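Here's the structure, in structure tokens; my notes come after.
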Amino acid sequence: MELALVLEKFILVAIIFGISLVTAMYSTYAERKVAAFLQDRVGPNRAGPFGIFQPMADGAKMFMKEEIIPTQSSGLLFIVGPSLAILTACIGSAVIPWGQKLTIGSRVIDLQVTDINVGILYIFGVVSLGVYGIMIGGWASNNKYSLLGAIRAASQNISYEIAMGLSIIALLMLTGTLSLRQIAEQQHGFWSNGWFTWNVFRQPLGFIIFIICAFAETNRSPFDLPECETELVGGYHTEYSSMKLGFYLFAEYINMFISSAVMATLYFGGFNFPFMHHLGLSENLVTILGVVALFIKIIFFIFFFMWVRWTIPRFRYDQLMDLGWKVLIPLAIANIVLTGVFATIFK
Amino acid sequence: MSLFYFVAFLSVFFSLLVIFSKNPVHSVLYLILTFFTFTIHYFLLNAQFLGIVNFIVYMGAILVLFLYTLMLMNLNTETEPVKSNLLKIIGVIGGGCLLVTLIASLKISGNTEPVILRDPNLGLVKNLGKVLFHQFLLPFEVSSILLLSAMVGAVLLAKKES
């Protein structure tokens, strides 16, 4: 029985890992298509029908390119940087509940790798670790532009982590648990007791703060100052080439996928969808539909990330810091106070 | 138990590397690894919350700032001033005194019974929160005021400079 559990978890991890990588791969394609759509162009359309083999072509190109390690760089750390970036991007998915329990024969399969009771804090830890990949890589390149990019990434991540944590605290005051599965289960269905069950309707301000911070934490535009081409040549990955550069770019897309999943779970009901237990479907079918619903939400958020990227210009660095420290943190604290007041009144 | 000894060995090993590595940035990176082993220690003691907070606050925030500062200062062995032997000897004596004090205080306390065995669930978030906000409410609030005053002081100092 113990072996079966290990095997089950191993298969689940492998599937999630595969899905993360495929989603990240196709996010690169989607990004170019969305950009083309928003700018009234065609986008990649040469490799296969509608250019759907473009990610494979890009990947092959990345692998084939010459690998350059600058002679003045600190050798091992130069390799550790991108490895750490991709590692931290991939381990965040371990605590996300992908669906309800699936029953096959007599076996109940939990569609979550592990349900630790500090789930949100784990995600937080992984996010805060993510910046080391960029910092180490930027420093090890021994290039002033890379260093500036790395330093920007570090200060940006630390600043926005505070606002993110404060916005989460307001959410936790309502849910009363740190476990992501319990938070998802509390948002069951769509409507109960005269109000929406999804947390976004109970924490609208908190959600807005959270999503802004998620943009900053994943280094996505309009907060992509660590790789600001106009000022820093290429940012923290100026000296990188070949698949090491590929890992940095890939890590960004995986981070986007994971943060979309976290946002969908925390605020948009995770695997819940309206009328899920009024349709008279079997448990397994509801579970599978729930997984599909979660992925629709994730894909919407990924699209939202891209939509914003091609709509809003990049912030200036002082504006970024002002927004983080002088707007988002006071707002998040006000949100905590308001949540406390409301939670006491409408107990 | 063997896991504990392995992790403890790693802690000591990495903290020695912190001291002996020539490059300050490498030192900080080893310090990060040291703190990571501390997180594992907390998990082994069943203190999940403490472990993850150590992970977020120390590894994820404070050491990022350490690394940040050292990267900006761009220290290397050529430009670093050489310390005189007197300073080195004073450092060794000071460190030795601290070590003796720590060992003595541990010996006096003499509590060999592990706290964790009495209440294995103490480290979970719920229990820790209840203890902090009932039994230790006053010390908890006083320490938060201490942190607040330190923060205000830092802002004040920064304002004065400019």
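The values are calculated or read from the model by the stated rules, or taken from the named source; none is laboratory data. Bear in mind that the values here come from a model prediction, so they are computed numbers and not experimental data. Neighbour counts are summed over all protein chains in view; Cβ atoms, including those assigned to glycine, are modelled from backbone coordinates with ideal geometry. Side chains are part of the model used for accessible areas, which takes the heavy atoms of the whole protein and leaves out ligands, DNA and RNA. Shrake-Rupley method; radii C 1.70, N 1.55, O 1.52, S 1.80 Å.
Summary of computed values
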item	result
Length added when fully stretched, A:Ile109-A:Glu66, from 0.36 nm per residue minus Cα-Cα	11.0 nm
Cα long-axis angle, helix A:144-175 against chain A (0 to 90 degrees, to the nearest 10)	10 degrees
For segment A:75-228, diffusion coefficient by Stokes-Einstein and Kirkwood Rh (Cα), 25 °C, 0.890 mPa s, µm²/s	140 µm²/s
Cα-based Rg of the protein assembly as shown normalised by 2.2 N^0.38 Å, two decimals	1.06
For segment A:69-345: relative contact order, % (alpha-carbon pairs under 8 angstrom, 6 or more apart)	26 percent
Occluded residues from segment A:141-182, i.e. those whose accessible area drops by 40 Å² or more once the chain is not alone (1.4 Å probe)	A:Ile151, A:Ile158
Complex-versus-alone comparison for segment B:40-63, residues with a loss of 10 Å² or more in accessible area, probe 1.4 Å	B:Gln48, B:Phe49, B:Ile52, B:Phe55, B:Ile56, B:Met59, B:Gly60, B:Ala61
Flagged links, alpha-carbon separation over 27 Å, of A:Lys326/B:Lys130; A:Lys33/A:Lys61; A:Lys33/A:Lys65; A:Lys101/B:Lys130; A:Lys65/A:Lys144; B:Lys130/B:Lys159	A:Lys326/B:Lys130; A:Lys101/B:Lys130; B:Lys130/B:Lys159
Percent RCO, i.e. relative contact order, over segment A:242-347, from Cα pairs under 8 Å lying at least 6 residues apart	26 percent
Dipole-positive endmost among A:Ala89, A:Thr339, A:Tyr132 within chain A (Cβ charges, Cα centre)	A:Thr339
For chain A, size of Cβ-based charge dipole, Lys and Arg +1, Asp and Glu -1, in debye	420 debye
Crossing angle, helix B:24-44 versus chain B [Cα axis fit, 0-90 degrees, rounded to tens]	10 degrees
Chain A: angle of helix A:75-91 to the longest principal axis, Cα-based, in degrees nearest 10	20 degrees
Debye-sum result for segment A:128-202 in log10 I(q)/I(0), which assumes one identical scatterer on each alpha carbon, at q = 0.15, 0.23 Å⁻¹	-0.66, -0.97
Positive-pole candidate from B:Val125, B:Ile40, B:Gly96, dipole of chain B, charges at beta carbon	B:Gly96
Listed residue (A:Ser242, A:Ser282, A:Thr230) projecting farthest to the positive dipole end of segment A:69-345, Cβ model	A:Ser282
Normalised alpha carbon radius of gyration of segment A:301-347 [divisor 2.2 N^0.38 Å]	1.68
Rounded accessible area per residue of segment A:69-345, 1.4 Å, Å²	39 Å²
Share of carbon and sulfur in the accessible heavy-atom surface of segment A:213-347 [1.4 Å probe, %]	73 percent
Protein heavy-atom accessible area occluded, A/B pair - total, 1.4 Å probe, Å²	2000 Å²
Ellipticity estimate at 222 nm from DSSP helix runs (n ≥ 4, -39,500 (n - 2.57)) divided over chain A, nearest 500	-21500 deg cm²/dmol
Charge sum, other residues only, whose C-beta stays under 13 Å from A:Ser74's C-beta, Lys/Arg counted +1 and Asp/Glu -1	0
Candidates A:Lys244, A:Lys297, A:Lys65, ranked by Gaussian network fluctuation over chain A, Cα under 10 Å, top entry	A:Lys65
Ranked by how many other beta carbons lie within 10 Å on average, peptides A:264-273, B:9-18, B:131-140, B:43-52 from highest	A:264-273, B:43-52, B:9-18, B:131-140
Candidates A:Gln182, A:Gln39, A:Gln54: whichever shows maximal mean-square fluctuation once chain A is modelled as a Gaussian network with Cα springs under 10 Å	A:Gln39
Mean separation of Cα contacts under 8 Å (6+ apart) over length of segment A:77-123, as relative contact order %	33 percent
List of segment A:98-126 residues, accessible area with partners at least 50 Å² below that of the chain alone (1.4 Å probe)	A:Asn117, A:Val118, A:Leu121
